[in-house]
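Presented below is the structure to which this report refers.
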Amino acid sequence: MKKLPKLTKKQKEELSEIINSKSSLGPEVRRAQAILLVDKETDNKTVKTITKFSRKHSFFLRKSYLAEGRE
């Protein structure tokens, strides 16, 4: 399986802004957290505990973000 490239500094900053913004909704924050955690190669149990997303879905979110950017 081909590895996706790591997030750029700008992408990480964008996701951090989503997480820290008072106007961001819960699901949007969890998606941003999942993407950052997967990018940092955080173990699956931790990602699931924090975001409630499965490993498969977390990787899907990261892949989609890398391909399409912010929703």
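The values are calculated or read from the model by the stated rules, or taken from the named source; none is laboratory data. Not measured: the values here are computed from a predicted model. A quick note on method: Cβ atoms are made from the backbone with ideal geometry, for glycine too, and the neighbour counts reach across all protein chains shown. The area values use the complete protein model at the heavy-atom level, side chains included, leaving out ligands, DNA and RNA. Shrake-Rupley method; radii C 1.70, N 1.55, O 1.52, S 1.80 Å.
Residues that are at pLDDT 95 or above and basic (K, R), at least 1 per element: which helices (runs of 4 or more DSSP H) completely within the chain meet that?
9-20, 26-39, 44-51
Kindly indicate whether I19 is within 13 Å of the chain's Cα centre (by Cα), in contact (Cβ under 8 Å) with a residue 12 or more places away in the chain and more than 21 Å from E68 (Cα to Cα). Lay out the reasoning, then the answer.
Details: within 13 Å of the chain's Cα centre (by Cα): yes; in contact (Cβ under 8 Å) with a residue 12 or more places away in the chain: yes; more than 21 Å from E68 (Cα to Cα): no.
No; evaluated as a whole, the condition is false for this residue.
Considered as a group, the residues in region 53-71 that are polar (S, T, N, Q) and touching a helix residue (DSSP H, G or I) at 6+ places or on another chain (Cβ under 7 Å) include one that is most open to solvent (accessible area, probe 1.4 Å), and that residue is S54. Residue by residue through region 39-52, note down the ones that are open to solvent by less than 30 Å² (accessible area, probe 1.4 Å) and farther than 17 Å from K9 by Cβ. Within region 39-52, V47, T51 qualify. For region 23-34, the count of residues that are out of contact with any Lys or Arg (no Cβ under 8 Å at 6 or more places or on another chain), open to solvent by less than 60 Å² (accessible area, probe 1.4 Å) and of a type in the set (S, T, Y) is at least one.
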